[in-house]
Amino acid sequence: MKEAIIKLSSLGDIIHSLVVLPLLNKKIDFIVDSSFKEILDYHPLINNITDISLRKAKKQKTLFIQEYKKLKNLQYDKVYDLQGLLKSAIIGKLITKNLIGYHNPREKIASLFYNKKILSKKHYAIERYLELFNMENEEFLKNHPKLLFYKDKEFSCLSKNKKNIIFIIGATWKCKKYPKEKWLQLSNELKENIIIPYYTEEEKKDAFFIAKSKYVTPIKVNLNDLKALISKSDLLIGNDTGPSFIAWANNVNNIILYGCTYNNKIIENKFSKSIEIQKGLIDKRLLQEINKIRISEVLNLIEKDC
């Protein structure tokens with residue numbers, strides 16, 4: 001039987017969805033937005049990756065037609081829509097007659113396209129992904145195997161004498177971003193080998209500000225490099241953003257800082273811990289909430305659990 005998963009975005013959500021693959025224990029195809037294809041590369045349980053340039057296709061009629069034809073040429077016996085949006089449901093309908101989704105998807109209209117609907121009752125995103133496959137297993141979610149794979153690479157910035165600590169300083173929302181001044185202070189308190197991977201110009205600017213500390217090395221990366229670098233590190237400290245969850249996926253010690261969001265994505269385990277300002281999503285205009293996380297809280301959590 002030819003099957004596929006649709007999970008278009010975002011980076012963190014795609015990483016979380018991979019938790020279903022070890023339990024499926026068979027090769028399956030994956031439909032993803034082109035921006036995030038690289039995060040799936042080299043996975044032994046993903047057969048084919050079809051990347052769709054959705055954002056560009058909206059603006060370019062020719063590209064839209066190309067992407068439509070690409071999808072029409074795909075046909076599956078069964079497709080699982082883990083996205084739960086109208087656009088993912090439409091994509092699903094183009095490639096299968098047997099589309100499975102949530103009874104209560106993120107966009108309600110998407111449920112009209114599903115041949116089979118699963119009522120999600122779980123709190124954590126990774127639990128909801130397993131629900132869609134009827135594979136609920138809380139113990140597995142706390143002790144999952146490695147979920148991300150990469151082309152190996154050596155990094156000269158890694159130390160053999162000190163702990164290698166990754167800082168993930170970027171985020172989509174401003175209210176998710178821990179202040180660069182506090183990252184700098186944390187660097188000087190830790191006195192370990194701290195590496196700050198960056199991708200955007202804004203991240204680069206902040207990374208070099210934090211590099212005022214003699215313990216910090218900024219490094220430009222792509223997604224493959226990021227997977228490799230984090231997997232070789234001792235600890236990741238990061239904002240609530242996609243790259244931070246690479247550490248969770250590959251069982252690297254990690255601490256996630258939640259300012260205007262809360263931890264409803266993963267179940268904490270011996271590798272993954274978090275610091276939350278408050279439960280529940282606050283008004284995104286309240287940008288300073290994450291500032292309330294004290295350096296001492298991070299240091300105490302490292303000393304206790306990492």
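Coordinate-derived values only; no laboratory data. Small disclaimer: the values here were computed from a predicted structure and weren't measured. Using ideal geometry, Cβ is built from the backbone for each residue, glycine included, and neighbour counts are taken over all protein chains shown.
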Problem set entry | Global form of segment 26-149, assessed from the alpha-carbon gyration tensor, a/c cut-off 1.5 | oblate
For this session: For every other residue with a beta carbon closer than 13 angstrom to the beta carbon of Ser231, add +1 if it is Lys or Arg and -1 if Asp or Glu, then tell me the sum.
Result: +1
Exercise. What order do you get for 117-123, 100-106 when each peptide is scored by the mean count of other beta carbon atoms within 10 Å, highest first?
Worked result: 100-106, 117-123
Problem set entry | Prolate/oblate/rounded label for segment 66-126 (Cα gyration tensor, a/c 1.5) | prolate
For this session: Subtracting the Cα-Cα distance from 0.36 nm times the residue separation, let me have the gained length for Ile219 to Lys162 in nm, one decimal.
Result: 18.7 nm
Exercise. What is the magnitude of the charge dipole of the chain about its Cα centre, with +1 placed on the Cβ of each Lys and Arg, -1 on the Cβ of each Asp and Glu, and no other charges, expressed in debye to the nearest 20?
Worked result: 820
Seminar exercise, completed: Measuring from the longest principal axis of the C-alpha atoms of the chain, the long axis of helix 201-210 (C-alpha) lies at a number of degrees, nearest 10, equal to 20
Exercise. Label point 7 Å out from Met1 along Cα-to-Cβ: which residues of segment 88-122 have amide N under 13 Å?
Worked result: 97-100, 116
For this session: Multiply the residue separation of His123 and Lys27 by 0.36 nm, subtract the distance between their alpha-carbon atoms, and state the gained length in nm to one decimal.
Result: 31.8 nm
Problem set entry | Dipole of segment 13-139, positive end: most advanced residue of Ala125, Tyr76, Leu40 [Cβ charges, Cα centre] | Tyr76
For this session: Run the quick spin-label model on Lys87 and Gln66: label points 7 Å from Cα toward the beta carbon, then report their separation in nm to one decimal.
Result: 1.7
Exercise. With axes computed from alpha carbons, what is the tilt in degrees of helix 295-305 against the longest principal axis of the chain, rounded to the nearest 10 within 0 to 90?
Worked result: 70
Seminar exercise, completed: Once the in-chain neighbours fewer than 8 apart are removed, the aspartates and glutamates whose Cα is under 20 Å from Lys174 read Asp13, Glu201, Glu202, Glu203, Asp206, Asp240, Glu276, Asp283, Glu289
For this session: Could you tell me which of rounded, prolate or oblate describes segment 164-305, using a ≥ b ≥ c as the square roots of the eigenvalues of the alpha-carbon gyration tensor, with rounded for a/c under 1.5 and, failing that, prolate when a/b is larger than b/c and oblate otherwise?
Result: rounded
Problem set entry | Nearest-0.05 FRET efficiency for Lys78 and Glu297, computed from C-beta distance (R0 51 Å) | 0.65
Seminar exercise, completed: The pairs in Lys151/Lys182; Lys97/Lys122; Lys2/Lys108 lying past 29 Å Cα-Cα in this model are Lys151/Lys182
Problem set entry | Peptides ranked, highest mean first, by Cβ atoms within 10 Å: ranges 248-260, 43-55 | 248-260, 43-55
For this session: Please give the FRET efficiency for Leu94 paired with Lys205, using the beta carbon to beta carbon distance and R0 = 51 Å, rounded to the nearest 0.05.
Result: 0.75
